[in-house]
Each structure stands twice: as structure tokens, then as C-alpha cells.
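The values are calculated or read from the model by the stated rules, or taken from the named source; none is laboratory data. For clarity, every value in this text was computed on a predicted model and none was experimentally measured. FYI the Cβ positions are ideal-geometry reconstructions off the backbone, even for glycines, and counts take in every protein chain you see. Calculation scope for accessible area: heavy atoms of the full protein, side chains included, ligands and nucleic acids excluded. Shrake-Rupley method; radii C 1.70, N 1.55, O 1.52, S 1.80 Å.
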Amino acid sequence: MGSLTAGDALAAAGIDIAAVRRELPAVEPFAVSIRPASPLFQRFWARSIVAVAMPWGVYVRPVVFDRIRTGAEPSRDGPLVVHELTHIEQFRRLGPLRHIAQYVGDYLGGRRRGRGHWEAYRNVRLEVEAREVAARFSPGQVPR
């Protein structure tokens, strides 16, 4: 299956790479690889999770990798790639330990306040930021 770069995926989706670079200055899209996640790695993901960003790259479910590689759903996959690149930007801005501490702290704080899993997850500040950035690159939006 191999890998591809986030820059290639963004270009295939018709996303303005210069605009992504302005939005996420610590990330060079052509230096970030997107790879299919192994079955073992996926066992740790919730069923609805399709991608996970690590400081060094993005892992996606194989079906999503194939979709990105073939350009089958650019309006769906372009914003997904931007979302994951935002997480890499966050890793670089905060450092891995602070990133993990903020992410887990927000999630556990939401659970302590009585939120269910998905509501707590959706209210993690780093997820909110990633969704907001990705939304600016969704169809019908004009990147700033």
C-alpha cells in the first residue's frame, strides 16, 4: 500500500497548499506522510475514528488510504487531511507531552462533568481547533 504525502493528498483534493502553509506554519505538507494503519494499531481506535495524527505523520484506515490515494472523495478527504495536519501543528506548538496532557485533561474533565464519551471528545479544545481549521478548507469555504 505504501504511503503518500499530505501535500499530494491536498493537491489531489484541490486544496490551496499555500493557504494551508499560512494556516499551519510549523507543518510542511509535503514532508508529512500518510500511511495505512496496521490492524494492530487500529485495534486501539474507536470504530468511528478514521485517522490518527502522530508527531511524525498521519495513519488512516486502509479504506480511507485507498480513497485518498485515488481521489475518490476529495471534498471529504481534503478537510480530513487538514484536520490531521492541525494536530501535527499542535504537537509542534505545544510539544508532545503538553499536547497529550491538554488532550487527556480536557477529555477527562468533560467526563467528570458528566459528558458522554463523544461529547467529551468533541469538546477537547485541540479537537475543536482542528475542526475549525479543517472547516475553513471545506467545499464552499474561502481560506483566509
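Does segment 54-71 hold any residues that are hydrophobic (A, V, I, L, M, F, W, C) and either in a strand (DSSP E or B) or in contact (Cβ under 8 Å) with a residue 40 or more places away in the chain (or both), and which are they? Across segment 54-71, the qualifying residues are M54, V58, V60, F65, I68. Reported count of residues in segment 42-59, each being surrounded by 14 or more Cβ atoms within 10 Å (Cβ to Cβ) and not aliphatic (A, V, I, L, M), is 4. Going by the conditions given, is A134 assigned to a helix (DSSP H, G or I) and either within 14 Å of A13 (Cβ to Cβ) or among the acidic types (D, E) (or both)? For A134, the condition - assigned to a helix (DSSP H, G or I) and either within 14 Å of A13 (Cβ to Cβ) or among the acidic types (D, E) (or both) - is met. Looking across segment 116-142, the residues that are open to solvent by less than 50 Å² (accessible area, probe 1.4 Å) and in contact (Cβ under 8 Å) with a residue 60 or more places away in the chain come down to V133, F137, S138. Among the residues of segment 22-45, those identified as hydrophobic (A, V, I, L, M, F, W, C), over 13 Å from S3 (Cβ atoms) and either in contact with a strand residue (DSSP E or B) (Cβ under 6 Å, 6 or more places away or on another chain) or in contact (Cβ under 8 Å) with a residue 24 or more places away in the chain (or both) are L24, A26, V27. Pairs linking a residue in segment 72-89 that is farther than 13 Å from A135 by Cβ to a residue that is among the aromatic types (F, W, Y) and at pLDDT below 95, with Cβ atoms under 9 Å and 6 or more positions apart or on different chains, are V81/F137; I88/W56.
Modelled with pLDDT of 95 or more, open to solvent by 50 Å² or more (accessible area, probe 1.4 Å) and closer than 22 Å to A11 by Cβ, is that true of R93? Against the criterion (modelled with pLDDT of 95 or more, open to solvent by 50 Å² or more (accessible area, probe 1.4 Å) and closer than 22 Å to A11 by Cβ), R93 does not qualify.
Of all residues in segment 99-115, those that are open to solvent by less than 60 Å² (accessible area, probe 1.4 Å) and touching a helix residue (DSSP H, G or I) at 6+ places or on another chain (Cβ under 9 Å) total 7.
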